1. Checking residue 3 against (1) without any contact (Cβ under 8 Å) to a residue 40 or more places away in the chain; (2) over 15 Å from the mean Cα position of the chain (by Cα): exactly one of these is not met. Which one?
2. List the number of the failed condition for residue 51; all other conditions in (1) closer than 24 Å to residue 112 by Cα; (2) without any contact (Cβ under 8 Å) to a residue 60 or more places away in the chain hold.
3. Among what's in region 82-106 and is part of a strand (DSSP E or B) and farther than 12 Å from residue 67 by Cα, pick the residue that is least open to solvent (accessible area, probe 1.4 Å).
4. Being among the polar types (S, T, N, Q), surrounded by fewer than 16 Cβ atoms within 10 Å (Cβ to Cβ) and over 13 Å from the mean Cα position of the chain (by Cα) is the requirement here; does residue 76 meet it?
5. Please work out which residue is least open to solvent (accessible area, probe 1.4 Å), limiting yourself to region 22-39 and to residues that are of a type outside the set (Val, Ile, Thr) and assigned to a strand (DSSP E or B).
6. Say we look at region 40-65 and pick out the residues that are in contact with a Ser or Thr (Cβ under 9 Å, 6 or more places away or on another chain) and over 21 Å from residue 83 (Cβ atoms); which of these is most open to solvent (accessible area, probe 1.4 Å)?
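The values are calculated or read from the model by the stated rules, or taken from the named source; none is laboratory data. Worth saying up front: this structure is predicted, and the values here are computed from it rather than measured. Here the Cβ positions follow ideal geometry from the backbone for every residue, glycine too, while neighbour counts run over all protein chains shown. The area values use the complete protein model at the heavy-atom level, side chains included, leaving out ligands, DNA and RNA. Shrake-Rupley method; radii C 1.70, N 1.55, O 1.52, S 1.80 Å.
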Amino acid sequence: MKLYTAIDEYIQAQEEEIRITLEQIRRTISEAAPQATELISYGMPAFKQNAILVYFAAFKNHIGFYCLPSGNKAFQKELKEYNIGKGAIQFLYNKPIPYSLIRKIVKFRLKEDVDAHKK
């Protein structure tokens, strides 16, 4: 497994169709959390403000989107048509990526992050 040092490098290593999707997810996250910084964490692209907000990664058949357990729990109803785990969501390549839902989840995680670090 290659170790990436930047999101650009990670995205460029993917196939063209996947690169386009990853760039759109990246843009969606960045627009929802404009002060967050990009990094690679656990080998995946991630966005961090005070703490990690979300991760995302390309796999063979899906994009993995990781919004920690709180993001999945808060959006259970909206996520019912996706494969989900405790903190992971799978967006299959053969279905439209729900960018508006990603935006909502990121804004939720951003509010959690800001509230947790007000103290």
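1. Answer for residue 3: the failing condition is (1).
2. Here residue 51 meets the rest and fails (2).
3. Here is the first cut: in region 82-106, the residues part of a strand (DSSP E or B) are 83-84, 88-92.
Those still in the list that are farther than 12 Å from residue 67 by Cα too: 83, 91-92.
On the way: 83: 90, 91: 2, 92: 55 Å².
So the residue we want is 91.
4. Answer is yes for this residue.
5. Looking only at region 22-39, we keep the residues that are of a type outside the set (Val, Ile, Thr), and these are 22-24, 26-27, 30-36, 38-39.
Adding the requirement that they be assigned to a strand (DSSP E or B) leaves 38-39.
Working: 38: 81, 39: 51 Å².
Taking the candidates together, the pick is 39.
6. By that ranking, first place goes to 48.
Condition check ((1) under 20 Å from residue 111 (Cβ atoms); (2) in contact with a helix residue (DSSP H, G or I) (Cβ under 7 Å, 6 or more places away or on another chain); (3) hydroxyl-bearing (Ser, Thr, Tyr)) across all residues:
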{"residue": "22", "(1), (2), (3)": "no, yes, no"}
{"residue": "33", "(1), (2), (3)": "yes, yes, no"}
{"residue": "51", "(1), (2), (3)": "yes, yes, no"}
{"residue": "62", "(1), (2), (3)": "no, no, no"}
